[in-house]
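> Submitted below is the structure of interest, expressed as structure tokens.
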Amino acid sequence: MLKQPRKNAIPSIPALITFFLLSSCNPFSPTGDLKTFRVNLGTEPPSLDWSLATDHASFNVIANLMVGLTEFDKNLKPAAVIAKSWDILEGGRRIIFHLRDDVLWSDGKKVQAQDFEYSWKRLLNPKTASEYAYILFDILNAEEYNQGKIDSPELVGVKASDDRTLEVHLKHPVSYFLSITTFEVTYPQRQDVIEKYGSKWTEPGNIVTNGPFLLSSWKHENEIQLTANPDFFLGKPAIDKVEMFMINEKTTALAMYEQGRIDFIDNQSIPIFEKPRMAKLPGFKAVPQLRGYYYGFVTDRRPFDDVRVRKAFSMAIDRSVFPKILHGGERPATSWIPPSMQAQNPKIGLNYNPPEARRLLREAGYPDGKGFPQVTLAYNTLEDHKTVAEAVQGMWKRNLGVLVRLENQEWKVYLKKLKTDPPHIYRSGWGADYPDPDNFMKLFTSLSGNNDTRWKNPRYDQLLESAAREFDEKRRIRLYNEAQRILCEIDVPIMPLFTTTEHTVLNPRFTGLEFNSMARLFLREVRPASR
Amino acid sequence: MARFLLTRLLHGLAVIWVVITLTFVFMRLAPGGPFDRERRLPPEVLANIAAKYHLDEPWLKQYGRYLLGIARGDLGPSYKYVDRGVSDIVTETFPVSALLGVLALGFAVAFSFPLAISAAYYRNSWTDRSCLFLATLGVSLPHFILGALLIWLFSLQLGWLQPGRWEDLTSTVLPTITLGAAPAAYLSYLLRSSLVESLEEDYVRTARAKGLKEATVLFKHALNNSLIPTLTVLGPLSAALITGSFVVEYIFAIPGMGRFFITAVTDRDYPMIMGVTLVYTGLLVSANFFVDLLYSIVDPRIKSH
């Protein structure tokens with residue numbers, strides 16, 4: 001005979017619930033020593049080859065392994081790193097970088113100008129098939145080489161004239177070129193290492209780097225470990241070791257932080273409903289990002305081929321609601337260049353003005369929205385996008401009497417649809433590759449592949465062209481002001497809605513971490529906080 | 001017997017080929033490509049990428065190239081993890097998923113057998129009803145709820161276990177329970193009902209009438225004859241468990257293969273989609289093959305058919 005199970009083997013449900021409720025909040029003290037710093041990367045970096053990397057996870061590792069010619073200072077201006085100085089010649093067509101001679105690769109060799117020449121030409125080589133090759137297309141013959149129109153890399157306008165001098169010839173004066181040299185894809189590379197190991201050159205043991213940390217282990221989909229570089233030319237970092245985890249799920253990452261198993265978290269480790277609680281924690285910081293969120297009109301589709309209708313729709317949106325419904329510290333925006341970037345101008349753009357919006361719509365032939373055709377607002381499937389779309393849909397209904405149809409699609413399907421069968425209004429966003437207005441404004445030029453509005457304005461193109469060549473800051477700002485007015489006030493192919501903010505929490509045991517407005521994480525200055 | 005095995009083997013290979021072909025066609029029919037990005041790439045850059053991965057060739061040629069690759073054991077490059085081949089990724093991640101799957105399967109079997117046997121034996125008693133309740137709970141609680149609940153209880157409140165990452169033996173506990181709960185419930189449900197049926201059969205009554213020990217009646221006569229339905233599901237269940245679960249691996253940050261069943265599709269990483277599909281199909285076919293073998297041992301009548 002089998003024995004009868006004990007009566008109390010299964011605890012009763014009410015008892016369990018009571019137990020849950022009575023348990024207090026996390027009482028655990030942080031674990032880990034002060035020489036190791038642990039962060040969540042969120043995901044496996046697709047590539048640590050800076051000619052092939054395209055995403056934040058990869059760049060956040062690379063940014064701690066490597067340094068380049070320049071980096072951003074606190075005001076997002078390019079400051080010297082490996083380049084100790086530069087000469088801008090021939091009205092901006094030629095730039096000569098003079099390199100320091102005390103920067104070492106991790107195998108002891110000196111970083112030379114040839115390493116930059118190799119890296120840039122590798123980025124442009126069609127066989128590398130780099131997605132970011134176009135970032136260097138301002139260089140003489142760079143685009144032609146990438147297109148395969150010329151075979152010889154010798155003709156590309158970048159050359160090491162000696163070990164310490166890098167000479168760059170541009171197609172035309174480019175005032176933002178120094179900003180490009182802050183971007184990881186322009187960091188130097190070692191030809192001998194890449195040729196020796198092929199696609200495996202980024203694995204620990206093979207990779208050769210020059211930055212504050214060294215790659216000591218990479219367990220794919222799990223963890224990357226970095227160790228301080230004792231020979232880093234700006235001095236060894238204060239922490240000995242960095243552990244970068246790849247935890248996709250936000251609630252798990254946050255639980256790890258609360259257990260003291262992670263020392264720093266950002267948006268990819270904070271679920272949206274936890275944001276208000278995080279804001280009260282010590283070590284919390286809201287970091288405004290150079291990332292804009294907008295709705296675009298497909299300007300050759302009725303009724304949005306009429307600028308009055310576009311203006312009416314833009315003026316019927318009360319942008320102050322976005323931070324309230326998204327809880328992410330969003331900054332409402334009516335103009336396109338984001339805050340803390342050169343030429344940002346919050347006075348530009350169409351403000352919330354329902355009576356004026358109604359008047360414009362009436363003038364366009366749709367009094368109180370009567371006779372307005374069925375139009376669609378499309379977004380890619382994501383909770384935040386849905387929240388925004390529904391709020392905006394409500395405002396248009398209230399203020400204009402127009403009920404817009406919402407449509408959502410999976411990301412890749414959505415991208416395809418924007419090209420082949422665009423909706424009347426679409427959602428999109430843009431994050432800066434480098435903090436120059438050119439990177440933002442160029443999106444809407446006539447030939448831009450990112451311009452899904454199908455709007456073209458030769459004056460806008462011309463202003464951007466002139467601004468790109470303009471070295472005088474005041475004149476440059478004036479040019480961008482005029483271009484932004486065309487974009488956000490006069491022609492209105494887009495409605496900027498807000499710029500995003502990244503929420504970060506640093507364990508108060510540490511200090512010195514830098515998280516910048518392009519979501520880049522710099523750990524070189526991290527050190528234990530003095531008590 | 002040899003003919004039976006050979007037929008099964010050929011049948012399995014045909015299934016794998018059909019699945020590869022259908023997957024190849026369907027993934028290319030899905031709108032959007034692997035290099036469609038928010039940041040649109042200039043046409044010349046796209047052309048270079050297409051040339052690198054032979055995406056500019058006709059489909060048939062790509063298909064032929066892929067089949068030749070498989071024959072050589074090469075699953076091609078990943079379009080997303082550009083420095084790694086699909087074979088590398090599968091080789092690194094599959095053992096993790098397999099270990100978790102085996103643990104979960106072990107948990108499911110260890111949990112379900114005693115539960116089902118006691119439920120069937122004391123059918124309609126409170127024991128049976130409690131087992132049924134547990135089984136229903138296990139089947140209906142989705143992974144993400146159960147996982148979150150376990151993390152909340154054992155990590156955040158009690159501080160006994162870590163909430164995520166795959167490091168040592170203790171880190172396997174929560175994901176094993178999360179992944180194993182539903183199969184445990186399902187198996188116990190299945191086994192209970194077939195056992196209940198067996199216990200009412202004439203041969204059980206005869207065995208009892210002969211004065212056999214109750215344990216012998218239960219384990220030797222009744223249980224043995226109730227195993228067929230359980231074995232039938234164990235095959236595909238094992239294949240599903242050891243290839244990993246997207247949700248469980250995602251919640252507990254486990255470096256397994258399960259996540260790629262979803263991410264490869266959303267990334268349109270064609271070779272990765274093919275790779276995981278191939279591994280899954282291969283396992284499913286082999287699992288079914290072994291189940292067929294087991295059948296013939298448990299019930300000799302099957303072999304003779």
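> From the list B:Leu241, B:Leu179, B:Leu169, which residue is under 27 Å from B:His143 (Cα atoms), open to solvent by 50 Å² or more (accessible area, probe 1.4 Å) and more than 14 Å from chain A (Cβ to nearest Cβ)?
Sole residue among the options that is under 27 Å from B:His143 (Cα atoms), open to solvent by 50 Å² or more (accessible area, probe 1.4 Å) and more than 14 Å from chain A (Cβ to nearest Cβ): B:Leu169.
> Let me ask another. Within segment B:69-87, which residues are closer than 25 Å to A:Pro126 by Cβ and open to solvent by 40 Å² or more (accessible area, probe 1.4 Å)?
B:Asp74, B:Pro77, B:Lys80
> Residues of segment B:49-65 being touching a helix residue (DSSP H, G or I) at 6+ places or on another chain (Cβ under 7 Å) and either within 11 Å of chain A (Cβ to nearest Cβ) or more than 30 Å from A:Ile135 (Cα to Cα) (or both), which ones?
B:Trp59, B:Tyr63
Quick grid of which residues meet (1) buried (at least 20 other Cβ atoms within 10 Å of the Cβ); (2) assigned by TED's automatic domain parsing to the domain that holds A:Leu155; (3) touching a helix residue (DSSP H, G or I) at 6+ places or on another chain (Cβ under 7 Å):
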residue: A:Ile88; (1), (2), (3): no, yes, no
residue: A:Ile95; (1), (2), (3): yes, yes, yes
residue: A:His98; (1), (2), (3): no, yes, no
residue: A:Val111; (1), (2), (3): yes, yes, no
residue: A:Phe116; (1), (2), (3): yes, yes, no
residue: A:Tyr132; (1), (2), (3): yes, yes, yes
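> Let me ask something else. Pick out the one residue from A:Pro288, A:Pro373, A:Pro338 that is touching a residue at least 24 places away in the same chain (Cβ under 8 Å) and in a strand (DSSP E or B).
Being touching a residue at least 24 places away in the same chain (Cβ under 8 Å) and in a strand (DSSP E or B) holds for just one of A:Pro288, A:Pro373, A:Pro338, which is A:Pro288.
> Residues in segment A:410-435 that are facing another protein chain (nearest Cβ under 9 Å) and over 30 Å from A:Ala468 (Cα atoms): how many?
Of the residues in segment A:410-435, 8 are facing another protein chain (nearest Cβ under 9 Å) and over 30 Å from A:Ala468 (Cα atoms).
> From the residues in segment B:14-59 that are small (Gly, Ala, Ser) and within 17 Å of A:Glu410 (Cα to Cα), which one is most open to solvent (accessible area, probe 1.4 Å)? Step through it out loud before you land on a result.
Residues of segment B:14-59 that are small (Gly, Ala, Ser), as a first pass: B:14, B:30, B:32-33, B:47, B:50-51.
Next cut, within 17 Å of A:Glu410 (Cα to Cα) only: B:30, B:32-33.
Numbers: B:Ala30: 35, B:Gly32: 8, B:Gly33: 15 Å².
Once the filter is applied, the top-ranked residue is B:Ala30.
> Kindly check whether there is at least one residue in segment A:427-434 that is among the charged types (D, E, K, R), closer than 30 Å to A:Arg94 by Cα, in a loop (DSSP other than H, G, I, E, B) and at pLDDT below 90. Break it down into steps so the answer makes sense when it comes.
At the first step, the residues of segment A:427-434 found to be among the charged types (D, E, K, R) are A:427, A:433.
Next, only the ones that are closer than 30 Å to A:Arg94 by Cα stay: A:433.
Applying the additional criterion that residues be in a loop (DSSP other than H, G, I, E, B) yields A:433.
Next cut, at pLDDT below 90 only: A:433.
The answer is yes, given that some residue of segment A:427-434 is among the charged types (D, E, K, R), closer than 30 Å to A:Arg94 by Cα, in a loop (DSSP other than H, G, I, E, B) and at pLDDT below 90.
> Something else now. Report, by residue number, each residue of segment B:119-153 that is within 11 Å of another protein chain (Cβ to nearest Cβ) and open to solvent by 50 Å² or more (accessible area, probe 1.4 Å).
Those that are within 11 Å of another protein chain (Cβ to nearest Cβ) and open to solvent by 50 Å² or more (accessible area, probe 1.4 Å): B:Trp126, B:Arg129, B:Phe133, B:Leu134, B:Leu137, B:Phe144, B:Ala148, B:Leu149, B:Trp152.
> Among helices (runs of 4 or more DSSP H) lying entirely in segment B:1-97, which contain 1 or more residues that are over 30 Å from A:Gly431 (Cβ atoms) and among the aromatic types (Phe, Trp, Tyr)? Steps first, answer last, please.
On the way: elements: B:2-29, B:43-52, B:59-71.
Here the list reads B:2-29, B:59-71.
> Another question, then. Quick one: which of A:Leu463, A:Leu479 is open to solvent by less than 10 Å² (accessible area, probe 1.4 Å), farther than 30 Å from A:Asn40 by Cα, assigned by TED's automatic domain parsing to the domain that holds A:Val307 and of a type outside the set (Val, Ile, Thr)? Walk me through it before giving the result.
Numbers: A:Leu479 fails: open to solvent by less than 10 Å² (accessible area, probe 1.4 Å).
The match here is A:Leu463.
> Do we find a residue being closer than 30 Å to A:Met315 by Cβ, within 13 Å of chain B (Cβ to nearest Cβ) and open to solvent by 10 Å² or more (accessible area, probe 1.4 Å) anywhere in segment A:286-295?
For segment A:286-295, residues closer than 30 Å to A:Met315 by Cβ, within 13 Å of chain B (Cβ to nearest Cβ) and open to solvent by 10 Å² or more (accessible area, probe 1.4 Å): present.
> Under 6 Å between Cβ atoms, at least 6 apart or on separate chains: pull out the pairs that start in segment B:98-127 with a residue that is in contact (Cβ under 8 Å) with a residue 40 or more places away in the chain and within 13 Å of B:Tyr189 (Cα to Cα) and end on any residue that is among the β-branched types (Val, Ile, Thr) and surrounded by fewer than 20 Cβ atoms within 10 Å (Cβ to Cβ).
Going by the 6 Å Cβ cut-off, the qualifying pairs are B:Ala120/B:Val196; B:Arg123/B:Val196.
> Counting only residues that are in a loop (DSSP other than H, G, I, E, B) and touching a Leu at 6+ places or on another chain (Cβ under 8 Å), which one in segment A:183-205 is surrounded by the most Cβ atoms within 10 Å (Cβ to Cβ)?
Per the stated criteria, the residue is A:Thr202.
> Still on this model: When segment A:397-426 is examined, which residues are found to be open to solvent by 40 Å² or more (accessible area, probe 1.4 Å), assigned to a helix (DSSP H, G or I) and among the charged types (D, E, K, R)?
Residues satisfying the conditions are A:Lys397, A:Arg398, A:Lys416, A:Lys417, A:Lys419.
The values are calculated or read from the model by the stated rules, or taken from the named source; none is laboratory data. Just so it is clear, the model here is predicted, and its values are computed rather than measured. We place every Cβ from the backbone using ideal geometry, glycine too, and count neighbours over all the protein chains shown. With ligands, DNA and RNA removed, areas are computed over all heavy atoms of the protein, side chains included. Shrake-Rupley method; radii C 1.70, N 1.55, O 1.52, S 1.80 Å.
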